[in-house]
Amino acid sequence: MKLRLIQKDIRDLDMVRHLSEASHRHPDLVCFGELAVSGCLYAGGQGYSVQEMTAVLSGYPFSIFVGFPCRRQGGLYNSYMYFKDGKYQIYDKINLFEPMNEPTVYLPGQTPGLFETDLGRLGVATCYDLRFPDLFRQLREGGAEKIFVPAAFPLARIGDWKELIAQRARETGVPVVGINAVGRDGTNEFGGCSMVAAPDGEILTEADESSELALEIDL
């Protein structure tokens, strides 16, 4: 599986540019981070419907993972979507991060993120979920062959991010793929270091803390 991980500035909301660039690289799966289409919402917002998101993602020859504030009946969710050929699956972030005001903006998800895809059974845990090993155990027991962690992880705690990505890989025995943001949004500074950890915790590839870039790896 050829992965392309988009480590982008938290204020860069132009999905089309990144998807167009990816088209020239022929990936199997393009992965964006948490809330990639909106940046972090600290005081609510309208969000996007599933139909609005799928309209943006349609027409590309590869699978796409992307985070967005999903507007559904009942409220707003911090969601991560897998999209390919007009079909989608969604995980809603279960563990909301109070210091960044998430519980006042989003409703919590209830179901672990396990997706049946043409690339295998993929697991998803979003940002603060990384601190809950039981969720990763559920993903592994559910048959996840790889686990993806989209994030908007602040620079101040980026050491925790690095340690936890490797630790969760060792605990589950499957590759863990972290996709983080960089840049400042006026409230937080984000720490990058998007990375891929092998099942034994070895870091196979890693970005720096500040550059907007795309990491590619065959996994």
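In table form, for the structure just shown:
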quantity: Counted residues, segment 156-181 - those being surrounded by 20 or more Cβ atoms within 10 Å (Cβ to Cβ) and farther than 18 Å from R121 by Cα; calculated: 6
quantity: Residues being under 17 Å from the mean Cα position of the chain (by Cα) and assigned to a strand (DSSP E or B) - total across segment 197-213; calculated: 4
quantity: Residue satisfying all of: in segment 75-100; among the small types (G, A, S) and assigned to a strand (DSSP E or B); surrounded by the most Cβ atoms within 10 Å (Cβ to Cβ) among these; calculated: S79
quantity: Evaluation of E98 against (1) in contact (Cβ under 8 Å) with a residue 12 or more places away in the chain; (2) more than 23 Å from Q51 (Cβ to Cβ) (one fails), failing number; calculated: (1)
quantity: Considering residues of segment 101-125 that are in a loop (DSSP other than H, G, I, E, B) and either among the basic types (K, R) or touching a strand residue (DSSP E or B) at 6+ places or on another chain (Cβ under 7 Å) (or both) only, the residue farthest from K146 (Cα to Cα); calculated: Y106
quantity: Qualifying position, being surrounded by 13 or more Cβ atoms within 10 Å (Cβ to Cβ) and touching a residue at least 40 places away in the same chain (Cβ under 8 Å), among F68, F62; calculated: F62
quantity: Checklist (1) closer than 24 Å to D185 by Cα; (2) out of contact with any strand residue (DSSP E or B) (no Cβ under 6 Å at 6 or more places or on another chain); (3) touching a residue at least 24 places away in the same chain (Cβ under 8 Å) applied to D14, failing item; calculated: (3)
quantity: Near pairs, Cβ below 6 angstrom, 6+ apart or cross-chain, from segment 73-89 (under 28 Å from A43 (Cα atoms)) to any residue that is among the basic types (K, R); calculated: N78/K93
quantity: Residue tally, condition assigned to a loop (DSSP other than H, G, I, E, B), among the polar types (S, T, N, Q) and over 15 Å from the mean Cα position of the chain (by Cα), over segment 162-196; calculated: 2
quantity: Residue ID - nearest to the chain's Cα centre (by Cα), chosen from residues in segment 1-35 that are in a loop (DSSP other than H, G, I, E, B), farther than 23 Å from L219 by Cβ and not acidic (D, E); calculated: L35
quantity: Qualifying residue in segment 36-54 (condition: in contact with a strand residue (DSSP E or B) (Cβ under 7 Å, 6 or more places away or on another chain), in a strand (DSSP E or B) and within 21 Å of A214 (Cβ to Cβ)); calculated: no
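Residue by residue, here is whether (1) surrounded by 14 or more Cβ atoms within 10 Å (Cβ to Cβ); (2) farther than 16 Å from G67 by Cα holds:
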residue: R4; (1), (2): yes, no
residue: V16; (1), (2): no, no
residue: A22; (1), (2): yes, yes
residue: R25; (1), (2): no, yes
residue: V30; (1), (2): yes, no
residue: G33; (1), (2): yes, no
residue: V37; (1), (2): yes, no
residue: L41; (1), (2): yes, no
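A short reminder: the numbers here are calculations on the coordinates, not readings from a lab. Keep in mind the model is a prediction, meaning the values are calculated, not measured. Reconstructed Cβ throughout: ideal geometry from the backbone, glycine too, with neighbour counts over all protein chains shown.
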